1. Assuming R0 = 22 Å, can you tell me the calculated FRET efficiency for the pair Met170 and Asp102, based on Cβ-Cβ distance, to the nearest 0.05?
2. Return the long-range amide H neighbours of Val164 (sequence gap of 5 or more, or a different chain), with a cut-off of under 5 Å between placed amide H atoms.
3. What's the extension gain from His228 to Leu240 if we count 0.36 nm per residue and subtract their Cα-Cα distance?
4. From the phi angles alone, apply the Karplus equation (6.51, -1.76, 1.60; θ = phi - 60°) to the stretch 71-77 and give each ³J(HN,Hα) in whole Hz, x where the residue is Gly or Pro.
Amino acid sequence: NQPVVQLVLLQIFLAVSIFVSLPVAAFQRQRRHILDRMERASEAVTRSEAGYRMLTENALDLIIHSDLTGKVTYMSPSSVAMLGYQPEEMIGHRAIELVHPDDFDSVTQFSIDQVKGGLAPTDRIEYRAFRKDGSMLWLESRPTLARDPVTGRKIGITDVVRDVTERKAMEQQLRESQVRAEAAAAAKGEFLANMSHELRTPLNAVLGFSQLLQLQPAVAIDAKASSHVQHILQAGEHLLALMDDLLQVSRIESGQVRLVPENI
């Protein structure tokens with residue numbers, strides 16, 4: 001009966017092996033599936049990080065991340081072109097140290113308000129700052145509060161900074177041009193007013209003497225001379241009306257006359 005016993009033992013061994021190997025095989029399949037998902041997720045994270053790194057490294061705007069104390073933890077490579085600093089030179093330092101003293105308080109308060117959550121993500125502030133070589137530039141900053149993606153805890157400020165020096169220079173030129181234009185308009189109005197008054201005196205004399213000649217008896221002047229006097233008087237009155245209109249225009253331009261629209 002020994003062969004029978006051996007056969008039975010072999011069958012029992014095979015049955016046990018099958019029952020044991022099935023869960024192990026399922027576990028192995030599950031393990032391979034989990035490892036494949038982890039590998040794909042890791043590749044996706046790597047691609048995402050590479051994409052973000054490419055964006056930040058090639059962006060013209062400066063991207064800065066600071067902790068809640070204001071110390072820089074990240075600065076994009078565009079800091080070299082914009083500020084003259086290598087990113088690693090600013091790590092651990094406070095970016096506020098580069099701000100012009102006259103704008104220091106306003107920028108500090110803006111950052112505090114952002115940390116407190118009192119500003120919208122689109123709020124911006126313009127201020128002056130200094131490059132590494134000591135030259136000054138105008139910057140436009142749009143800081144946003146950064147939070148931990150898991151806990152939601154405040155972890156710092158992410159700031160996107162743009163060089164607006166050229167735009168501010170153009171705005172200044174525009175303001176100066178406007179001031180010059182307003183001064184020129186005021187000078188023109190004053191000149192027109194003065195000229196109108198200066199011309200009015202001799203013109204009134206011409207009109208006065210023309211009217212006196214008209215009052216002379218017909219025997220005093222002939223018909224032809226009388227016609228000439230009439231032409232002089234008409235031309236003088238027309239010129240006086242033009243001067244009155246010119247004076248009125250100068251008063252309007254100088255703000256001395258207030259126009260009130262009315263329905264006709």
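Readers should treat all values here as calculations from the given coordinates under stated rules, not as data from a laboratory. Bear in mind the structure is a predicted one, so any value in this text is a computation, not a measurement. As a convention, Cβ positions derive from the backbone with ideal geometry for all residues, glycine included, and neighbour counts pool all protein chains shown.
1. Working: r = 21 Å, r/R0 = 0.96.
Efficiency at R0 = 22 Å is approximately 0.55.
2. When sequence neighbours closer than 5 places are left aside, the close amide H contacts are Trp138, Leu139, Glu140.
3. Taking His228 through Leu240 to full extension adds about 2.5 nm, to one decimal.
4. Values per residue, Gly and Pro as x: 7, 6, 10, 8, 9, 6, x Hz.
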